[in-house]
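These notes concern the structure reproduced below.
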Amino acid sequence: MTTKKLSASDRISALENKLMDQQSQIMKMAEIIDEVDRKFVALAKRLNAAISATDSGEVVDTIIQTDNVNKLKAMIDNLVEQKLLTKNDEAEISETSFIVGRHMSKNGDVITPRLQFYVGSLQDEEKSKFIGQKLGHMAISEDEGVMIEVTEIYDVSSESEEKEEVKKEVKKKVTKKTKKEDS
């Protein structure tokens, strides 16, 4: 039995393949760790809400939902404080507007107390339901049978020299909505 001796380049190639496999496994492990971290955060929220609920008699979902709404409000307040967003409830909604609203059922029940998004990030069909409208507008979604009421309108500040970068950052940071299911 003779064993074939590998050349230096064959050995290097074999090592590179092993490293690539290990790197792939590390990336998968990092994704799993991120998912576990998100679940721990959600569990911590639920546990803190449960503790608060036993002390105050409130419902856990209501506490979590209120906490999520407060975090979303804080994001907007921070961007306004940094002069990246300017509140403009008198303006008509444009493609560059950032709006805050809430989902409501056909009978007026609040489904999602706060959602916020950059209008330019919507698909054209959805975008057309908002552009040119004003504060208080009710956009009706046929597929879901729900309405979105516009409760606040913001413009990306014109004071910013890097307006496009700011729009991307605003879109990335605060295009979220808060539902009872986010717990």
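Coordinate-derived values only; no laboratory data. None of these values were measured; they are calculated from a predicted model. Cβ sites come from the backbone with ideal geometry, for glycine too, and all protein chains shown count toward neighbours.
Condition check: without any contact (Cβ under 8 Å) to a residue 60 or more places away in the chain and of a type in the set (D, E, K, R). Does D109 satisfy that?
yes
Taking the options A50, A30, A91, name whichever one is under 30 Å from Q133 (Cα atoms) and out of contact with any Gly (no Cβ under 7 Å at 6 or more places or on another chain).
Selected residue: A91, the only one of A50, A30, A91 that is under 30 Å from Q133 (Cα atoms) and out of contact with any Gly (no Cβ under 7 Å at 6 or more places or on another chain).
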